[in-house]
1. Using unit Cβ charges (K, R positive; D, E negative) and no other charged atoms, how large, in debye to the nearest 20, is the dipole of region 96-178 about its Cα centre?
2. Which cross-chain or sequence-distant (5 or more) residues have an amide H under 5 Å from the amide H of LEU88, H modelled 1.01 Å from N in plane?
3. Give me the Kirkwood hydrodynamic radius of region 96-178 in Å, from all C-alpha pairs, to one decimal place?
Amino acid sequence: MLSAILAILGSSTVGSLIGGIFAFLNKKADIEIRRLDQAHELELRKEDRELAKIEAEGRLQVAVAESEGEIESSRMTAIGQAHAADNLGAEEIKSAGGWAWLLILTDAFRRLIRPVLTLLLVSMALYLNWLLVERLGTGWDALSTEQKYDAAMQAFAWITGQASAVLGYWFVSRGQSK
């Protein structure tokens, strides 16, 4: 029986069949490679078109920006005048009379609100995390490693999330300098 199976597998007919199958598969792979190459070339041409389109839009934006430069300059002048109007001068304090102390107090409050709130938020975040670590310190050994890691990551994520929100708002709301 074994010799009959080996004789069939060793025959030229089976060899021709296997050779034909592999030749077919090889030809199919060559066709697929050519198709992929063509698709890749087509994709590269699409990217070239997109790049040319983006470059044209950029040139248009530069031309528009150059033509609007005068408008932007007057806008910046207006912003500068608005900031100058917010400054509290000696003349305004003198003209306030008895209410000068209130004017000075509100100006100081307006200038210090962001730094004070930021400092307060960071202080409270650190205090709460210190409290969390202190409370968990007595029962820390009862927690699994996964629970310890989860508690630490929650505390870290809260601190960094709050700090990034505050600092992001603080710096973004100041506007862009040009």
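1. Details: 7 positive and 5 negative charges, 118 e Å.
About 560 debye.
2. The list, which skips near neighbours in sequence, is empty: none.
3. Details: mean 1/r = 0.0626 Å⁻¹.
About 16.0 Å for region 96-178.
Every number in this text was worked out from the coordinates using simple rules, so none of it is lab data. What you see is a predicted model; the values in this text were computed from it and never measured. For neighbour counting, all protein chains shown are included, and Cβ atoms are generated from backbone atoms with ideal geometry for every residue, glycine included.
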